[in-house]
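Trainee: There's a structure below that I have some questions on.
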Amino acid sequence: MGKPIVSSAHLVSPRSAEMSEFEFGLIVSGNAFNRWIVHCMSAAGLKELTPLDVLVLHHVTHRARDKRLGDICFIMNVEDTHLINYSLKKLQSLGVVASRKNGKEVTYAATASGQKYVERYRDIRESCLIDALNADDGLNRDIGELARLLRVLSGMYDQAARAAASL
């Protein structure tokens with residue numbers, strides 16, 4: 001087998017060169033995913049959104065339930081609430097997200113306009129991404145296993161971040 005494909009050779013561990021390969025793959029795929037979701041949402045008609053804005057809109061649309069800022073941050077694994085709050089304000093100014101005050105609590109949900117953009121996004125995703133994927137049962141199983149592994153590794157990175165923060 002050849003040398004590992006990595007972005008930072010100085011970080012390659014003799015105990016797990018594969019982790020450095022994974023991290024490089026994560027960087028490249030993360031950037032490609034971010035580029036994809038921005039272009040897909042732009043094709044759906046909402047331009048000038050950041051990747052985080054797109055993800056926040058999708059999350060507040062998820063299951064048609066109002067979401068609190070803290071819940072959005074928790075589910076998206078974002079520590080800086082101001083980043084999510086900024087996206088929510090931007091999405092509100094575009095008329096795709098609305099807030100509602102219920103006592104001391106503020107919740108957010110997609111508006112009818114926001115839901116339409118998300119539906120167009122879904123249609124474009126089906127035609128540009130899912131059709132091109134042309135997945136069979138085996139590939140779908142592999143993708144599911146990869147998703148499981150990513151969730152496991154995200155927990156490991158979170159734990160490592162807590163350990164590093166205590167140094």
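Trainee: State which stretch of the chain is the longest one without any exposed GluC sites (Glu not before Pro), exposure meaning a DSSP loop state and at most 13 other Cβ atoms within 10 Å.
Mentor: In short, 80-167.
Trainee: Quick one: which of 26-37, 132-143 comes out on top by average Cβ neighbours within 10 Å, and what's the full order, highest first?
Mentor: Packing order, densest peptide first, comes out as 26-37, 132-143.
Trainee: Once neighbouring chains are kept in place and the probe is 1.4 Å, which whole percent of the accessible area of the chain is contributed by carbon and sulfur?
Mentor: Reported share for carbon and sulfur atoms: 57 percent.
Trainee: For the chain, what is the accessible area per residue in Å², given a 1.4 Å probe and the full set of protein chains?
Mentor: With the other protein chains kept in place, the chain gives 69 Å² per residue.
Trainee: A follow-up question, please. Considering the dipole of the range 48-111 built from charges on the beta carbon (Lys and Arg +1, Asp and Glu -1) around the Cα centre, which of ALA110, ASN77, LEU49 is farthest to its positive end?
Mentor: ALA110
Trainee: Which angle between 0 and 90 degrees, to the nearest 10, do you get for helix 137-165 versus the longest principal axis of the chain when only C-alpha atoms count?
Mentor: 90
Trainee: By how many degrees, between 0 and 90 and to the nearest 10, does the Cα long axis of helix 51-61 differ from the longest principal axis of the chain?
Mentor: 60
Trainee: Put +1 on the Cβ of each Lys and Arg and -1 on the Cβ of each Asp and Glu in the chain; which of SER29, ASN140, TYR121 then has its Cα farthest toward the positive end of the dipole?
Mentor: My answer, from the dipole projection, is TYR121.
Trainee: Still on this model: Taking the Cα centre of the range 24-108 as the origin, how large is its charge dipole in debye, to the nearest 20, when only Lys and Arg (+1) and Asp and Glu (-1) carry charge on their Cβ atoms?
Mentor: For this selection, approximately 280 debye.
Trainee: May I ask you to derive the relative contact order of the chain, considering only C-alpha pairs under 8 Å and at least 6 residues apart, and to give it as an integer percent?
Mentor: Contact order relative to length: 17 percent.
Trainee: Please say if the range 37-159 is rounded, prolate or oblate, where rounded means a/c under 1.5 for a ≥ b ≥ c the square roots of the C-alpha gyration tensor eigenvalues, and otherwise the choice is prolate for a/b larger than b/c and oblate otherwise?
Mentor: Oblate is the answer for the range 37-159, as a/c is 1.5 or above yet b/c matches or exceeds a/b.
Trainee: Between the range 1-38 and the range 95-110, how far is it from one alpha carbon centroid to the other, in angstrom?
Mentor: 39
The values are calculated or read from the model by the stated rules, or taken from the named source; none is laboratory data. Note that this is a predicted model, so its numbers are computed, not measured. Cβ sites come from the backbone with ideal geometry, for glycine too, and all protein chains shown count toward neighbours. Quick note on the areas: whole protein, heavy atoms, side chains included, nothing else; ligands and nucleic acids left out. Shrake-Rupley method; radii C 1.70, N 1.55, O 1.52, S 1.80 Å.
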